[in-house]
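**Q** My structure is below; once you've seen it, I'll send some questions.
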Amino acid sequence: LYNNGEVYPSADLVALGNLEYQPKNAENAGNGLDVVDSTDWTPLQNHPRTILIGFTNRNNAKVDLFATTKYNDVTPKSSVLTQGVQSEMLLNIARSMGWFGSGTTEPKYVDLQVLTQYPVKTKDGIAYIPKVVERGDRKGDKTYERRENQTFYPITAIIQAVDTTASITTVETTMDTVSTPQSNS
Amino acid sequence: MQRLGVGIHENIVVEKVEKNDKGNLEISFKQIQDIDPMALLNTSGSGSTSFEPKTEKITVWKPTLRETDDYKTVTDKIAEVKDPLQSILLQYLTFDKIKWDIFAGTGITAETYRTKVVDYVETIYDNIVSQFAAQIKPFVGDNGNKNRILFVRQSPAKHYPKFRSRYLDTNPFIESMSIPSTASKLKYTKYEIEKSLNDGTPVGAPAAASTADAKKAEELFA
């Protein structure tokens with residue numbers, strides 16, 4: 001995510017979520033991404049603020065990221081990997097989460113990590129996720145879109161993940177050091 | 001027992017689903033309320049202080065056919081029965097889990113639909129309501145799955161509530177309480193407001209009373 005709001009998916013994410021743009025006549029349009037701020041999502045309202053993404057069919061209403069592309073006849077003009085998308089919403093979320101740091105100069109971009117090890121699903125498969133009305137008299141108001149059987153994954157800035165991994169490595173190393181004399185005894 | 005009546009109501013659960021003695025489906029709804037007894041007793045109500053929840057029983061009538069009804073009209077009337085029930089099921093189930101076989105036992109096929117459907121409306125109605133009852137059964141009396149619901153007036157002449165039955169995609173009448181009320185999609189349409197279908201006042205009650213009162217007042221001060 002660039003500090004001007006441009007977002008590009010990684011090849012791994014594209015493969016995981018079937019994000020690549022499909023030909024116009026394809027049976028399955030492929031997926032885009034829903035972005036959910038738990039602050040406005042009733043099932044997680046009593047939990048610490050978390051930002052989640054969900055892979056959702058492009059034909060659904062109000063898909064936040066990678067929803068549309070342009071075509072040469074029926075073939076997509078570009079790959080989802082290179083087209084990118086401008087998302088003021090995700091940029092605002094990233095800033096409010098402190099993912100761009102708190103200094104006066106923002107980094108040019110921040111890498112985001114999808115924590116697939118923490119999938120979130122509603123019990124009955126029905127999720128009403130928060131969105132913002134983009135046009136008309138109610139522009140800016142919150143609205144809710146229904147999604148079914150969709151899994152959501154928390155995302156975080158990769159810098160936090162690196163820190164976490166580093167601290168876990170330290171703990172494991174320390175334990176190994178401690179256990180070595182015991183195994184010798 | 002207090003009735004919910006025409007209006008938009010919150011924290012509603014399905015309390016009971018049954019067929020009445022005339023074979024029409026009846027769905028009873030109940031409002032779940034966390035009642036503060038002190039507040040209740042301090043309220044100056046109408047003299048019926050009660051912990052009893054508000055309820056409402058909605059009858060889903062069998063379609064009434066006219067001799068002139070063709071298959072298109074009959075299709076609309078069948079849809080007006082099924083669509084609201086589908087809307088209710090969708091509060092509990094995903095699309096892939098809702099199953100209908102509304103032509104079961106009729107022998108109607110795609111080729112014979114236009115000519116035969118008129119003769120099998122009663123069977124189709126029975127199929128719809130029995131299949132609805134079977135699918136909603138696990139959620140009847142489940143107080144944990146609360147909804148917001150909008151009842152419209154049956155007609156200008158009849159003040160009892162009913163489900164809205166058409167254009168439910170754009171004008172839903174039921175939604176999950178997990179949607180905050182500020183983002184609710186339940187609202188009366190312009191048509192319903194113009195026809196006073198958002199008003200559950202019995203015919204002749206307030207309007208007629210106020211006219212009569214005005215006349216009496218006029219006489220008094222004449």
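The values are calculated or read from the model by the stated rules, or taken from the named source; none is laboratory data. Fair warning: this is a prediction, and the values are worked out from it, not measured in the lab. We place every Cβ from the backbone using ideal geometry, glycine too, and count neighbours over all the protein chains shown.
**Q** Among the numbered conditions (1) under 23 Å from B:GLN33 (Cα atoms); (2) within 14 Å of another protein chain (Cβ to nearest Cβ); (3) not polar (S, T, N, Q), tell me where B:PHE151 comes up short.
**A** Of the numbered conditions (1) under 23 Å from B:GLN33 (Cα atoms); (2) within 14 Å of another protein chain (Cβ to nearest Cβ); (3) not polar (S, T, N, Q), the odd one out for B:PHE151 is (2).
**Q** Quick check on this structure: which one of A:THR156, A:THR68 is under 23 Å from A:TYR8 (Cβ atoms), in contact with a Phe, Trp or Tyr (Cβ under 9 Å, 6 or more places away or on another chain) and not in a loop (DSSP other than H, G, I, E, B)?
**A** A:THR156
**Q** Does B:LEU65 meet the test of being outside any helix (DSSP H, G or I), among the aliphatic types (A, V, I, L, M), touching a residue at least 24 places away in the same chain (Cβ under 8 Å) and within 14 Å of chain A (Cβ to nearest Cβ)?
**A** For B:LEU65, the condition - outside any helix (DSSP H, G or I), among the aliphatic types (A, V, I, L, M), touching a residue at least 24 places away in the same chain (Cβ under 8 Å) and within 14 Å of chain A (Cβ to nearest Cβ) - is not met.
**Q** Could you tell me which of the residues A:GLY103, A:GLY98 is in a loop (DSSP other than H, G, I, E, B), loosely packed, with under 15 Cβ neighbours inside 10 Å and on the phi > 0 side of the Ramachandran plot?
**A** Every option except A:GLY98 fails the conditions.
**Q** Suppose we filter A:VAL120, A:VAL133, A:VAL110, A:VAL114 for residues that are among the hydrophobic types (A, V, I, L, M, F, W, C), in contact with a Gly (Cβ under 8 Å, 6 or more places away or on another chain) and surrounded by 13 or more Cβ atoms within 10 Å (Cβ to Cβ); which single one remains?
**A** A:VAL133
**Q** Only residues in region A:27-46 that are within 14 Å of chain B (Cβ to nearest Cβ) and within 18 Å of A:GLU88 (Cα to Cα) count as the first member; pair them with residues that are at pLDDT below 90 and not in a strand (DSSP E or B), Cβ under 9 angstrom, at least 6 apart or cross-chain, and list the lot.
**A** Cβ pairs passing all conditions: A:SER38/A:GLN45; A:THR39/A:GLN45.
**Q** When only residues in region A:23-48 that are part of a loop (DSSP other than H, G, I, E, B) and touching a strand residue (DSSP E or B) at 6+ places or on another chain (Cβ under 7 Å) count, which is nearest to A:PRO9 (Cα to Cα)?
**A** Step by step, filter region A:23-48, then rank; the result is A:ALA29.
**Q** Follow-up question, since we're still on this one. From B:LYS16, B:LYS97, grab the single residue that is modelled with pLDDT of 95 or more, over 20 Å from B:ARG164 (Cβ atoms) and under 16 Å from the mean Cα position of the chain (by Cα).
**A** B:LYS16 is the lone residue from the list that is modelled with pLDDT of 95 or more, over 20 Å from B:ARG164 (Cβ atoms) and under 16 Å from the mean Cα position of the chain (by Cα).
**Q** Restricting attention to region B:94-139, and to residues there that are of a type in the set (Gly, Ala, Ser) and assigned to a loop (DSSP other than H, G, I, E, B), which single residue is nearest to the other protein chains (Cβ to nearest Cβ)?
**A** B:ALA110
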